[in-house]
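Taking it in order: structure first as structure tokens, then the write-up.
What follows draws every value from the coordinates through simple rules; no lab data is involved. Computed from a predicted model, the values in this text were never measured in an experiment. We place every Cβ from the backbone using ideal geometry, glycine too, and count neighbours over all the protein chains shown.
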Amino acid sequence: MSTAALITLVRSGGNQVRRRVLLSSRLLQDDWLVTPTCHSSTSEPRSSRFDPDGSGRPATWDSFGIWDNRIDEPILLPPSIKYGKPIPKISLEKVGCASQIGKRKENEDRFGFAQLTEEVLYFAVYDGHGGPAAADFCHTHMEKCIMDLLPKEKNLESLLTMAFLEIDKAFSRHAHLSADATLLTSGTTATVALLRDGIELVVASVGDSRAILCRKGKSMKLTIDHTPERKDEKTRIKKSGGFVAWNSLGQPHVNGRLAMTRSIGDLDLKTSGVIAEPETKRIKLHHADDSFLVLTTDGINFMVNSQEICDFVNQCHDPTEAAHAVTEQAIQYGTEDNSTAVVVPFGAWGKYKNSEINFSFSRSFASSGRWA
């Protein structure tokens with residue numbers, strides 16, 4: 001797409017009414033003349049960037065992902081020129097978040113989101129265990145650590161790996177200098193997403209908190225849980241001198257204590273193979289198809305599967321309502337754990353709705369054995 005065409009789209013994008021008006025001209029590729037669209041013309045239809053199928057029907061804003069008028073954001077001009085397609089600005093004001101304590105004595109979940117630079121946005125959830133110390137440490141220091149690394153490392157996957165390892169080392173130093181011995185057994189999951197130029201999404205994760213992208217109404221998991229049930233993770237634990245034991249409910253734990261094989265903190269299990277190195281995922285967003293990103297902790301994930309989360313969110317008017325709906329539904333299904341959700345809307349927000357959602361409240365009884 002030419003720069004001139006993109007600028008024309010940007011100038012026309014500020015008004016919701018004008019977004020619904022059909023683009024009234026086609027750009028001819030060989031002679032660069034603008035010809036009015038005429039459905040009664042006897043000439044053979046010609047294809048262009050604004051009429052890709054040669055049907056004579058110019059493209060609408062739906063073709064570019066600005067589908068739903070509840071997302072009223074301007075177009076980012078420099079990234080749009082760079083990638084050759086209109087890219088909407090993702091506003092932090094429209095990000096939804098909710099956190100429920102459940103039936104625990106305290107809420108050890110933490111979450112955050114921020115604009116790190118003009119190009120990079122940050123979203124994160126942390127699910128603490130053994131006390132909130134490790135989750136608090138990540139919540140306080142991860143954002144600054146990433147900001148310090150951004151000028152030095154352009155590859156966001158490498159950057160996040162470096163940040164996770166740096167934070168783990170820093171927490172170790174903090175714990176060993178502290179008079180509080182409980183910090184040695186405090187740990188946390190960490191699922192962090194960086195969005196650059198509104199289109200490059202990179203996720204890094206340790207533990208069992210999750211990142212899910214909703215594309216064309218279907219869930220796309222961007223993270224894989226780090227549990228002793230994974231053969232590769234179990235092998236590493238055993239090679240490091242650790243062991244996997246199952247509790248009375250049939251759940252595997254590292255050294256009989258930890259339900260995950262990767263985390264930040266858990267310093268007493270570092271010699272048993274529990275590492276802070278994240279697995280990462282890079283994906284290019286398609287704002288015509290991608291509705292939202294949702295980050296969740298395992299208080300939700302254990303009760304609600306990824307597609308159900310997408311379906312719940314798609315029924316909601318705005319991301320704040322959606323985040324509360326997801327956490328409330330986990331409570332309805334019987335979770336007693338802390339439950340946290342962060343919902344980030346993209347260009348196709350509101351486009352893919354499923355009117356046939358079945359809410360199985362009987363699941364709370366079937367699942368209650370986890371908490372016995």
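Laid out as a table, the results:
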item	result
Cβ-based net charge around CYS145, under 14 Å, with every Lys or Arg adding one and every Asp or Glu removing one	-1
Entries in LYS216/LYS284; LYS238/LYS284; LYS103/LYS353; LYS231/LYS353; LYS94/LYS353 that, when Cα-Cα distance is taken, lie over 26 Å	LYS238/LYS284; LYS103/LYS353; LYS231/LYS353
Residue order, fewest to most beta carbons within 10 Å, for GLU106, GLU157	GLU106, GLU157
Three-way shape label, the range 94-230, alpha-carbon gyration tensor, a/c 1.5	oblate
Gyration tensor verdict on the range 92-371 (Cα atoms; rounded if a/c is under 1.5, prolate if a/b is larger than b/c, oblate otherwise)	oblate
Fewest-first ranking of ASP109, ASP136, using other Cβ atoms within 10 Å as the exposure measure	ASP136, ASP109
Residues TYR352, TYR333 arranged by fewest to most Cβ contacts within 10 Å	TYR352, TYR333
Debye, to nearest 20: dipole size of the range 164-321, +1 on Lys, Arg Cβ, -1 on Asp, Glu Cβ	660
Which listed pairs, of LYS144/LYS218; LYS89/LYS144; LYS154/LYS239, have C-alpha distances above 29 Å, in listed order	LYS144/LYS218; LYS154/LYS239
Protection proxy ranking of 295-304, 194-203, 310-319, 216-225 - average other beta-carbon atoms within 10 Å, highest first	295-304, 194-203, 310-319, 216-225
Backbone HN-Hα couplings from phi across the range 138-150 [Karplus 6.51/-1.76/1.60, Hz, Gly and Pro as x]	5, 4, 7, 10, 4, 4, 5, 4, 5, 4, 5, 8, 4
Vicinal HN-Hα couplings computed from phi for the range 212-223 (Karplus, 6.51 cos²θ - 1.76 cosθ + 1.60; Hz; Gly/Pro x)	10, 9, 9, 10, 6, x, 10, 7, 10, 6, 9, 10
